[in-house]
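Working notes, structure below.
The values are calculated or read from the model by the stated rules, or taken from the named source; none is laboratory data. What you see is a predicted model; the values in this text were computed from it and never measured. Every residue, glycine as well, gets a Cβ built from its backbone with ideal geometry; the counts of neighbours run over all protein chains shown.
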There are 2 protein chains.
Amino acid sequence: MPSETDLRSVILTGDRTTGPLHLGHYVGSLRNRVALQYQHKQYLLLADTQALTDNAHDPEKVRRNVMEVTLHYLGVGIDPTISTICVQSALPALAELTMLYLNFVTVARLERNPTIKDEIQARGFGRDIPAGFLCYPVGQAADITGFKATIVPVGEDQAPLIEQTNEIVRRLNRQTSKSVLPEARALIPAIGRLPGVDGKAKMSKSQGNAILLSASDEEIKEAVNQMYTDPDHLRISDPGRVEGNVVFTYLDAFDEDREAIAELKAHYRRGGLGDMVLKRRLISVLQTLLAPIRERRLTLAQDRDYLMDVLQTGARIGREITEATKEEVMDALGTFRLDLRS
Amino acid sequence: MPSETDLRSVILTGDRTTGPLHLGHYVGSLRNRVALQYQHKQYLLLADTQALTDNAHDPEKVRRNVMEVTLHYLGVGIDPTISTICVQSALPALAELTMLYLNFVTVARLERNPTIKDEIQARGFGRDIPAGFLCYPVGQAADITGFKATIVPVGEDQAPLIEQTNEIVRRLNRQTSKSVLPEARALIPAIGRLPGVDGKAKMSKSQGNAILLSASDEEIKEAVNQMYTDPDHLRISDPGRVEGNVVFTYLDAFDEDREAIAELKAHYRRGGLGDMVLKRRLISVLQTLLAPIRERRLTLAQDRDYLMDVLQTGARIGREITEATKEEVMDALGTFRLDLRS
């Protein structure tokens, strides 16, 4: 007797709690999550355990950002009565599943993971890779399967992580001769990654090229005014380039008046349109977008009881689901089970 | 206000639940544990989670042997009201601590561990080392520190595992500027490893050279009669060699009449003492040793309620201790803590 909810897919998404979220997160994921929460059953994981795999030297930062990211979620319009927000460290079954899955993945396989290879290089770990970091794709497999998620929104560069998850799923289903876990598919956003204000491919707080979701009107103005446009567009009358022009990339991402933007692009290309006109438009668009997010965030930040309630409720729901999955997996494998309820 | 118990050391010991225990276990550890339980606070870990690191293809074997090993413990005289017997998989805090510790150990360090190197070779893993197997020393660090054990009885070949644990302990204490965890020391048994009945260095059920603790009188007799002695001792009147003579090694380990054994050795060396006399003596010694163990084991095996009670009680105690340690470590590090009790 399938109820209405059974027909919806289960989505698992979330963020490492290592810093405040910015416009790049908004375009790449947050905006979609707000839409998806009405169509599917969505779980948002505040991945503080995973965040420690490359931040073990600074747990304080990870701790602080659990609440920070929660505020951003609520600020952009994630509804905690529809989406479930779970703190990863409050779900011990995920650690237990990770320990189990580690036995079904070889070290060589983990070292071959292209995402991990890139990230090891980016972090400059060299030979000193923390074991936890090498193993984090297995932790993600536990997260995804723990919630029995079938849709996982990720950036293109993270698709190999879903493949690693599905390899574990297939291995377990084969060994137990049961469909104990579902396979998941990556949901890669249509809009690519938002560049930094300096034109670099990746927006990142540590690179100082990000506009945070908490940015004030003044900060937005300052950031947009410094934005990379067309370095050859010296006089207003010169023809300008639209491709690689960050202001246009942002207008494409945030300005809903597609027609006006098309006209502005044509005008810019033939010359006679100054950067300042475009920047003023973008400033206004971003200020209009971020003002209510910032306000909601500030109001909620003062209601600590409500925030704790959101996290506690989410953790209780998450515990129940992930515990149940762990039990199912262990039962299917036939491991020893001790009943401690009585 | 330290109570009497605070002055005792905490011992963690245990076994992977992969097969029935044999005389080698008895000499190397079980016998000592029975003695140590009266002097210290002793925890015995039924390491079913760790057992899966090289038995993921056969969880059923691991499951079955949880009860098997428990019966052996009780059979040899482990008193569950004094020692605490814990099933590892029933203690989720150990998985959580393992996940945390993995971030404080590099992959290169794990690969350098001499115990792991030997074991990888022995198991023929080659390049296909399960990640869980490479990481199991970190799991052991979680076991040892989870119980705040300061004494860990291990074979000489396992001393590097204690060193790995202490490296993690020092790293955590340094980072938190607190003595949050104690270091542990290896307790290496005075008597070395008991050889197999065939004279091979290691007794092992899979090699067919073991005398199980559950062996019947007839099985003991058969095993001892096949025992490797001195291949050059052809006639009774010939002088015989005592060194490397498995019968004498066993008599040294199990016959408490040191004086009689010294005399027998002298007699054997000068000639005139047949193997059969020695073997009959050993058969009698082993039958006397194993009969009450076997009987107790058989009686207890029929009392499933009692066994479950032992395991449930042990798991509840173990949970409380390991949860508390996890909380202390996380608090010292300053990670995010969500109170789910209310």
Consider B:K178 against the criteria (1) of a type in the set (D, E, K, R); (2) within 14 Å of chain A (Cβ to nearest Cβ); (3) in a loop (DSSP other than H, G, I, E, B); (4) touching a Phe, Trp or Tyr at 6+ places or on another chain (Cβ under 7 Å): it satisfies all of them except one. Which criterion is unmet?
(4)
Here the residues within segment B:40-53 that are facing another protein chain (nearest Cβ under 8 Å) and surrounded by fewer than 24 Cβ atoms within 10 Å (Cβ to Cβ) are B:T53
Counting only residues that are among the charged types (D, E, K, R) and either closer than 12 Å to B:V87 by Cα or in contact (Cβ under 8 Å) with a residue 60 or more places away in the chain (or both), which one in segment B:54-65 is nearest to the other protein chains (Cβ to nearest Cβ)?
B:R63
Just one of the numbered conditions (1) out of contact with any Gly (no Cβ under 6 Å at 6 or more places or on another chain); (2) surrounded by 24 or more Cβ atoms within 10 Å (Cβ to Cβ); (3) of a type outside the set (D, E) is not true of B:G28; which one?
(2)
Kindly indicate the residue of segment A:201-222 that is among the charged types (D, E, K, R) and at pLDDT 90 or above and also surrounded by the fewest Cβ atoms within 10 Å (Cβ to Cβ) among those meeting that condition.
A:E218
Of the numbered conditions (1) outside the structural domain of B:V152 (by TED's automatic domain parsing); (2) modelled with pLDDT of 95 or more, B:S179 satisfies every one except a single condition; which is it?
(1)
Looking at (1) part of a loop (DSSP other than H, G, I, E, B); (2) in contact with a Pro (Cβ under 9 Å, 6 or more places away or on another chain), which is the only condition B:L161 fails?
(1)
Filter segment A:327-339 down to residues that are in a helix (DSSP H, G or I) and at the interface with chain B (Cβ under 9 Å from one of its Cβ atoms), then give me how many there are.
2
Looking at (1) assigned to a helix (DSSP H, G or I); (2) of a type outside the set (F, W, Y); (3) touching a residue at least 24 places away in the same chain (Cβ under 8 Å); (4) buried (at least 20 other Cβ atoms within 10 Å of the Cβ), which is the one condition that is false for B:M99?
(3)
Of the criteria (1) buried (at least 23 other Cβ atoms within 10 Å of the Cβ); (2) under 23 Å from B:L45 (Cβ atoms); (3) of a type outside the set (S, T, Y), which one B:L172 fails
(1)
Is there a residue being facing another protein chain (nearest Cβ under 10 Å), in contact with a Cys (Cβ under 8 Å, 6 or more places away or on another chain) and not aromatic (F, W, Y) anywhere in segment B:66-79?
no
Any residue at all in segment A:147-154 that's part of a helix (DSSP H, G or I), crowded, with 17+ Cβ neighbours inside 10 Å, in contact (Cβ under 8 Å) with a residue 40 or more places away in the chain and away from chain B (no Cβ under 14 Å)?
no
Please go through segment A:290-323 and give me each residue that is crowded, with 19+ Cβ neighbours inside 10 Å, closer than 30 Å to A:V246 by Cα and in contact with a helix residue (DSSP H, G or I) (Cβ under 6 Å, 6 or more places away or on another chain), ordered by number.
A:I293, A:R297
With respect to A:A35, is the statement that it is within 11 Å of chain B (Cβ to nearest Cβ) and not basic (K, R) true?
no
For segment B:199-226, name all the residues that are in contact with a helix residue (DSSP H, G or I) (Cβ under 8 Å, 6 or more places away or on another chain) and over 27 Å from B:A35 (Cβ atoms).
B:G199, B:K200, B:K221, B:N225
Against the condition within 25 Å of the chain's Cα centre (by Cα) and in the same structural domain as B:D238 (by TED's automatic domain parsing), how does B:A291 come out, does it pass?
yes
Which of the helices (runs of 4 or more DSSP H) found entirely inside segment A:197-304 contain at least 3 residues meeting this: under 16 Å from A:G75 (Cβ atoms), in contact (Cβ under 8 Å) with a residue 60 or more places away in the chain and in contact with a Leu (Cβ under 6 Å, 6 or more places away or on another chain)?
A:275-301
